[in-house]
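Chemist: Have a look at this one before I ask anything.
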């Protein structure tokens, strides 16, 4: 979920490429291509895990969080990145080639170094997948880093009240 | 490059999801995500091959060619699909995480059962990749099938004069 | 996790290609290649999900369960397959390019139509990943199917007592 | 095709994991899993491109070429890596789930900074894929680097006379 500052906004030519923020939720459209399916005729289960990562990346992008914002406060500016600590996914219904899916992402908990996100993938009015994902901000060397104020504020504003 | 008739048009909510036809060319925007990169820090070379397939799929989709149009004329309606017979790719420049790429596809030759497509992937004003791809229409059982009139006409209208 | 009867055994030339059964556990070696890593320099999180699926496929293969064994008893022989109903993964430590990982799979619960598997991925003496995976046997049309006697017996023999 | 010196040899427990050198050729067995197929029921075309990369990685590994050997001679030891400059692939016959494929790699030309490799993928006695791949050694900053003496000698010894 790193973002390069030069690319952190949607391209002017392709306005929806990073999806949209809608209230507390981020919505990303994802087309199912050949590469996402398997010989069962359905979407391969790990493809949904990739789709969720795309949703999280674009959610962070549209929150305006840049790579440089992720470095620990205090100025040492060690490069930092979010890594996935745990995922839990329920596969409810299958998707198929050519389907247009929507990956919905919301932040449900903000810890010292961690975020918990709830994600769902929908096909029209049908929910296909529900996932809970915990990510942690770590330094290059693998040490958990406290979320900086700007990052924390961006997620707090976007967080779904529970 | 199969298309389901129910999904063969761009979604009304996400108008650019299948890219755009621009003259004789189809243009598809592709965002680079974590999944597309490798530990070198750059995009993994086979990811460009996947991106080209997405471009071809959406080009066929926007030409209005449906799965049912691919069945052999004469009405036996054996399910048919395009498969890749050969690819030749020059990798000129690398792409990186968060880049917005444009996959450009044009048809340069129409044979009895085959199409030859030229594809390029650009980052802004820089060409990263050039590819020539030959696809062949085959039946379920693997037999090459002559392109039907509707399919042939759609590609003829779109074909780049050489 | 379908197996073709013609390929259900390890190849004579490559004896360990499907890993080994060791007591109640199946062990599959997996090399980390370029394709499995991302630009962080580490293995991409969804790659471990793919590695777990390889482990399950080869576990079923070495249990001697063939595709034809999966069809519902009673002889209607509707093609059946295992699909993933849920996964829960803890990512403890990262893997890197060139690492040789071992995917360990054991069956911990056998239901009417479902199996619950516990999987771990190790690098030498370090556990990188723990996963619980529930799979369900379904018919072509998506209906859950009761596990047949031969399949049930194979998993019962292999099941880890809890 | 980087190799970590600590992992550059086959694991003692899994002797064939990196395949085998057989005369001038390297042979790597590859099992087809769910992840490699698509909804057509066959192996997805870009999966073969990944399989070829695995073959090249293990060929370099079994030639005994370590990451540290790739740095330019003269001792500045700038990290170097092979990148793919071009590929050309003919897809002759399809593979299917559970198939055991053999990826065969040989070096057919050694240039100043480049290697040209011929690769084929076989299923039993049937050739499915033929590919020519040109790789170039580049520095971290993207500059082509002359192959060092040790690397050149290893490929010269292994090169197929033409």
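What follows draws every value from the coordinates through simple rules; no lab data is involved. As the structure is a prediction and not an experimental result, all values here were calculated from the model. When we count neighbours, we look across all protein chains shown, and the Cβ atoms used for this are built from the backbone with ideal geometry, even at glycine.
Chemist: Only counting other Cβ atoms within 10 Å, I'd like C:116, C:81 sorted with the fewest neighbours first.
Modeler: Working: C:116 16, C:81 20.
So the ranking, lowest neighbour count to highest, is C:116, C:81.
Chemist: Let's test the formula: R0 of 60 Å, r as the Cβ-Cβ distance of residue A:92 and residue D:13. What FRET efficiency results, to the nearest 0.05? List each step's numbers first, then the result.
Modeler: Details: r = 40 Å, r/R0 = 0.66.
According to the calculation, E is roughly 0.90.
Chemist: On a C-alpha basis, how far is the centre of the range D:15-53 from the centre of the range A:74-146 in Å? Whole number, if you could?
Modeler: 31
Chemist: At a threshold of 8 angstrom on Cα-Cα distance, excluding pairs fewer than six apart, so keeping six or more, what relative contact order does the range B:22-158 reach in percent?
Modeler: Reported as a whole number, the value is 30 percent.
Chemist: Right, here's the next one. Quick one: with label points 7 Å out along Cα→Cβ, list the inter-copy distances for residue C:93 in nm, shortest first?
Modeler: So the label point of residue C:93 gives 4.2, 4.3, 4.4 nm to the other copies.
Chemist: Among C:83, C:60, D:32, which comes first, then next, by fewest other beta-carbon atoms within 10 Å?
Modeler: Neighbour counts put them in this order, fewest first: C:83, D:32, C:60.
Chemist: Taking the protein assembly as shown on its own, what percent of its Cα-Cα pair distances exceed 32 Å? List each step's numbers first, then the result.
Modeler: On the way: 105356 of 209628 pairs.
Tail fraction, whole percent: 50.
Chemist: Roughly how many nanometres apart are two label points built 7 Å out from the Cα toward the Cβ at residue A:68 and residue B:114?
Modeler: Output for this residue pair reads 5.2 nm.
Chemist: Can you put A:127, D:52 in order of Cβ neighbours within 10 angstrom, beginning with the fewest? Don't skip to the answer; put the middle values down first.
Modeler: Working: A:127 13, D:52 27.
Lowest count first: A:127, D:52.
Chemist: Select the chain C residue whose beta carbon lies nearest to the rotation axis carrying chain C onto chain D, and write the distance in whole Å.
Modeler: C:16, 3
Chemist: Taking chain D as the reference, fit the longest principal axis to its C-alpha atoms, fit the long axis of helix D:45-62 to the helix C-alpha atoms, and give the angle between the two in degrees, 0 to 90, nearest 10.
Modeler: Long axis of D:45-62 versus the principal axis of chain D: about 40 degrees.
Chemist: Moving to a separate point now. With the label 7 angstrom out along Cα to Cβ, how close does residue C:64 come to the same site in each of the other copies, in nm, nearest first?
Modeler: 4.4, 6.0, 6.6
Chemist: Would you look at the GNM of chain D, springs on alpha carbons closer than 10 Å, and say which of D:18, D:46, D:95 moves the most?
Modeler: Residue with maximal mean-square fluctuation among D:18, D:46, D:95: D:46.
Chemist: Quick one: Debye curve from the alpha-carbon atoms of the range C:21-158 only, equal weights, vacuum; give me log10 I(q)/I(0) at q = 0.13, 0.15, 0.22 Å⁻¹ to two decimals.
Modeler: For the range C:21-158, the Cα-only Debye profile gives -0.58, -0.74, -1.27.
Chemist: With runs of 4+ DSSP H residues as the only contributors, calculate the mean residue ellipticity of chain D at 222 nm using -39,500 (n - 2.57) per run, divided by the residue total and rounded to the nearest 500. Show your work: numbers first, answer last.
Modeler: On the way: 3 runs with 32 residues, N = 162.
Dividing the helical sum by the residues of chain D leaves -6000 deg cm²/dmol.
Chemist: Please compute the length gained on full extension between residue C:127 and residue C:21, using 0.36 nm multiplied by the number of residues separating them and subtracting their Cα-Cα distance. Kindly include the intermediate steps, with their values, before the conclusion.
Modeler: Details: separation 106, 0.36 × 106 = 38.16 nm, distance 1.89 nm.
36.3 nm is the gain from fully extending residue C:127 to residue C:21.
Chemist: Size of the range D:123-162 along its principal axes in angstrom, Cα-based, largest extent first?
Modeler: Principal-axis extents of the Cα atoms in the range D:123-162, largest first: 41, 24, 17 Å.
Chemist: Now for a separate question. To test your reading of the geometry: what angle, between 0 and 90 degrees and rounded to tens, separates the Cα axis of helix A:149-158 from the longest principal axis of chain A?
Modeler: 40
Chemist: Can you list, shortest first and in nm, the gaps between the label point of residue C:130 and those of its counterparts in the other copies, using a point 7 Å from Cα in the C-beta direction?
Modeler: 2.4, 5.3, 5.5
Chemist: Among A:21, A:129, A:87, which one moves the most in a GNM of chain A with springs linking Cα atoms closer than 10 Å?
Modeler: Most flexible of the set in this elastic network: A:87.
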